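Below is one structure, written out as structure tokens, with a few remarks after it.
The values are calculated or read from the model by the stated rules, or taken from the named source; none is laboratory data. Bear in mind the structure is a predicted one, so any value in this text is a computation, not a measurement. Cβ placement follows ideal geometry from the backbone for every residue including glycine, while neighbour counts extend to all protein chains displayed. With ligands, DNA and RNA removed, areas are computed over all heavy atoms of the protein, side chains included. Shrake-Rupley method; radii C 1.70, N 1.55, O 1.52, S 1.80 Å.
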Amino acid sequence: LVVTDELREHDDQPPEQVAEVAHEALISRWNRLQRWLDDSREALRMRQEIDHDASQWKERGRPADELWRGGHLAHAWEMLDHEGIDLSPLEHEFLDASRAAETAEQQARALRQRRQLLTATSTAAVLLALLVFAIAQYVAATDLAERNEELASNKEREATRAETEAENARRERE
């Protein structure tokens with residue numbers, strides 16, 4: 001591995017020091033170097049993808065539907081934190097807008113869920129109140145029917161007793 005004094009500059013980025021592989025055998029035999037190169041390639045691909053999508057986003061007027069979301073956005077932030085990739089202001093703006101849009105969507109989804117829960121709870125409370133009212137009405141109607149039945153039975157007994165007394169009084173007179 002040879003570290004040179006050469007500095008390479010990229011668009012709007014600070015110059016980077018260059019390291020060149022002195023022999024191809026280093027790549028194939030040095031596992032740690034191989035992992036570093038693989039990680040660097042993945043970071044470079046991610047950086048290029050961010051750059052491309054951020055540029056497209058800017059050219060199209062920054063539409064919200066072109067922002068990143070979900071696992072893709074999480075992976076990008078993870079790569080940035082892990083690899084320390086320097087981003088241009090536009091790329092930062094793109095990822096920040098993506099994160100803000102995703103957060104807003106999560107908050108809107110949570111609000112919808114809370115509203116649905118409130119609606120379901122309110123509906124259940126109203127149905128429970130109606131059920132209690134219906135049971136109370138049923139109990140009251142049943143009690144009234146039993147009292148009416150008892151009154152009718154008492155009147156029937158009184159009528160029978162009155163008939164019996166009248167019959168006995170008539171017999172006594174005869």
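What are the residues in segment 13-32 that are at pLDDT 60 or above and in a helix (DSSP H, G or I), if any? Selection gives Glu24, Ser28, Arg29, Asn31, Arg32. Checked against (1) modelled with pLDDT of 90 or more; (2) open to solvent by 40 Å² or more (accessible area, probe 1.4 Å); (3) of a type outside the set (Asp, Glu); (4) assigned to a helix (DSSP H, G or I), Arg47 passes all but condition (1).
Could you list, in sequence order, the residues of segment 75-91 that are modelled with pLDDT of 90 or more and of a type outside the set (Asp, Glu)? Those that are modelled with pLDDT of 90 or more and of a type outside the set (Asp, Glu): Pro89, Leu90.
No other residue among Ala97, Ala125 is modelled with pLDDT of 95 or more, under 30 Å from Arg62 (Cα atoms) and either part of a helix (DSSP H, G or I) or open to solvent by less than 70 Å² (accessible area, probe 1.4 Å) (or both) apart from Ala97.
Scanning segment 61-95 for residues that are farther than 16 Å from Asp51 by Cβ and aliphatic (A, V, I, L, M) returns Ala64, Ala74. Within segment 75-86, does at least one residue satisfy the condition of being among the β-branched types (Val, Ile, Thr) and within 30 Å of Arg41 (Cβ to Cβ)? The answer is yes, given that some residue of segment 75-86 is among the β-branched types (Val, Ile, Thr) and within 30 Å of Arg41 (Cβ to Cβ). In this entry, Arg171 is excluded by the filter for residues that are surrounded by 10 or more Cβ atoms within 10 Å (Cβ to Cβ) and not β-branched (Val, Ile, Thr).
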